[in-house]
Amino acid sequence: MGKSHLDQRLVYLALRSIFKGADARVRKSKKIHELIQKHHHQHGISNLLEEHNMDMICNVAKTLLEQQVFESTLRAKSRFPEVSEDSQSQSEGQATPSSSASSTETALQSVNKQVPERTYQQIGSPIPSLYPIYLPFSTQHKVLVSVQHMLESACYTFAQKKLRFVLETEGLECAEAVELHRWSNIFQTQQVEFPEDNLEALGRPLPELLRSMTELRHATVHRTRLSANAAIQIISDAESFVKLVKNDTCINGISRLRRETETIVKALKAKKGSLELKLTGMEKRLEAQRADLERQKLEAIENAFKEDRIYILSAGANLERALTLPVTAMYNRAAMEHEPALEADIEEHVCEGETSIYNCRIQ
């Protein structure tokens, strides 16, 4: 299967413990292969290798390296917003392969179990993207289970016609007896002959379709979350395969599911586009309001400083006028201020004199 079917987040989570420091700047395919092979014993990487082809993993890793996703935590969080910050910090702080693998497993479970929540709680932060598109996990799982069931039925029906000896040898008496990834191995090892015209009509190599069947089984059994585009591609591959084995019943069923899924995803994309335009418009309005409030704030500050300066100058002028008054004027002003007090003293002395004269006459 092509690299579009291998969730890039899973590759990032499994490999970020080895592509760090100088190794985060590796770009050559040979070196990438060597590093992954060197650490293939790590739990997260070994799980990845069990389900995916090494070349496919290397291609996805090379893409992420070229886009500098391993070099920057911020770039990685922007690319994979559903990967929790805690899982990132835990992984970056690990020193041993076992602890790194444990962190990766925890993060994988977090990614695979639920629809990534997008929250926006930091004022002043840039508006996050509403992409990539995801279907509700329950819906994705039911669709993939249905496609897997039809693929298994188509493979068993084809084997009854072309590979009956395999069914008899392994005692496979019904479609439910064979897991989907085993059919991929059977078709590869038995080298089933398909008409050349049918193979050319596929539009892609048969091994990629067979790997897509394995990826479908992996996503269904291990509850792997896929982007909507990746899910559509897997369903399209399944449709191509049932056309190759000419199973009309399964062709009709899978084709209908593929069309319905594409219609739903198209509607989701249109809605997300509308929401992002709404958010962008709101952000522009808020920016204009913030600019206007900042302008008002600056004007208020400037006016306050102006009024303060005017008051200071006025107070200084009053004091300077007092300093320029003549000395006599200043004396007269002081005398005038003391006149009320002198008049009060004279009146007091007069009263005292009159009282003394009155007392003498009585005697």
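FYI, it's all coordinate maths here, none of it is from the lab. The model shown is predicted, which means the values in this text are computed figures rather than measured ones. Cβ placement follows ideal geometry from the backbone for every residue including glycine, while neighbour counts extend to all protein chains displayed.
If you check Arg295, Arg290, Arg204, Arg258, which single one turns out to be in contact (Cβ under 8 Å) with a residue 12 or more places away in the chain, assigned to a helix (DSSP H, G or I) and of a type in the set (Lys, Arg)?
Arg258 is the lone residue from the list that is in contact (Cβ under 8 Å) with a residue 12 or more places away in the chain, assigned to a helix (DSSP H, G or I) and of a type in the set (Lys, Arg).
Please count how many residues of segment 278-310 are among the polar types (S, T, N, Q) and within 30 Å of Ser129 (Cα to Cα). Steps first, please.
So the first thing to find is which residues in segment 278-310 are among the polar types (S, T, N, Q), and the list is 280, 289, 296, 303.
Next, from what is left, pick out any that are within 30 Å of Ser129 (Cα to Cα): 280, 289.
The qualifying residues number 2.
One line per residue, one yes/no per condition, for (1) out of contact with any strand residue (DSSP E or B) (no Cβ under 9 Å at 6 or more places or on another chain); (2) exposed (fewer than 13 other Cβ atoms within 10 Å of the Cβ); (3) among the acidic types (Asp, Glu):
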residue: Glu170; (1), (2), (3): yes, yes, yes
residue: Ser184; (1), (2), (3): yes, no, no
residue: Ala201; (1), (2), (3): yes, yes, no
residue: Leu206; (1), (2), (3): yes, no, no
residue: Arg223; (1), (2), (3): yes, no, no
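Anything in segment 178-201 that is in a helix (DSSP H, G or I) and in contact (Cβ under 8 Å) with a residue 12 or more places away in the chain? List them, or say none.
Within segment 178-201, Leu180, His181, Trp183, Ser184, Ile186, Phe187, Gln188, Asn198, Leu199, Ala201 meet the criteria.
Hey, does segment 269-278 have a residue that's under 31 Å from the mean Cα position of the chain (by Cα), closer than 30 Å to Asn198 by Cα and surrounded by fewer than 19 Cβ atoms within 10 Å (Cβ to Cβ)? So that I can check it myself, show each step before the final result.
Within segment 269-278, the first condition is being under 31 Å from the mean Cα position of the chain (by Cα), and the residues that meet it are 269-278.
Now drop any that are not closer than 30 Å to Asn198 by Cα, which leaves none.
Within segment 269-278 (the criterion being under 31 Å from the mean Cα position of the chain (by Cα), closer than 30 Å to Asn198 by Cα and surrounded by fewer than 19 Cβ atoms within 10 Å (Cβ to Cβ)), the answer is no, since none of the residues qualifies.
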